[in-house]
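The next block holds one structure in the form of structure tokens; read it before the comments.
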Amino acid sequence: MAFARTNLQQWVIMKHSVISFVAGLLIAGLFATQSWAAPQLFGRDTTKRDTTRLLTGKVLDANDNPLPDAVVYLTNTHDRSVKTFIVGQEGTYRFPALQANIDYEVYAQFKKHKSHTKTVSQFDNRTQVYIDLKIETK
């Protein structure tokens, strides 16, 4: 009986040794991968990309001169909301942070004259879209 107890004790000790060894390897591997991994920025998910778009352009007359004080209208075709922009002396406008998965319609108005309506399509994968809007001011 004493012989069986000794073999059982040796088997239990060997089993615990193997389990401890494997656990040590797993922990060492975990620390090794953490030290080689790219540093993470606290509070930021670096896997997400900015998926918004920027729409810019100019409001011009028939001779390609800027039309200061023209109003640019941007319509979200999903919810029909409208944003406006009053252009400055250079005739430039800017609409940042547009959703990439939505179509937008843009046109300009100067006094009683209006440009053609242009579309910014959700299928256009550019992050920056430039559209000039021409107005006949005769």
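Just a few scattered comments:
- For residue 57, nonlocal amide neighbours, meaning residues 5 or more places apart or on other chains whose placed amide H falls under 5 Å from its own, are 93, 131.
- Least to most buried among 129, 106, 82 (fewest other Cβ within 10 Å first): 82, 129, 106
- Sequentially through region 84-100, phi angles give Karplus couplings (6.51, -1.76, 1.60; θ = phi - 60°) of 10, 9, 8, 6, x, 4, 7, x, 8, 10, 7, 10, x, 6, 7, 5, 6 Hz, Gly and Pro residues having no value and appearing as x.
Here, each number is a calculation from the coordinates, and none is a lab measurement. Values in this document were obtained by computation on a predicted structure and should not be read as measured data. Methodologically, a virtual Cβ is constructed for each residue, glycine included, from the backbone with ideal geometry; neighbour enumeration extends over all protein chains shown.
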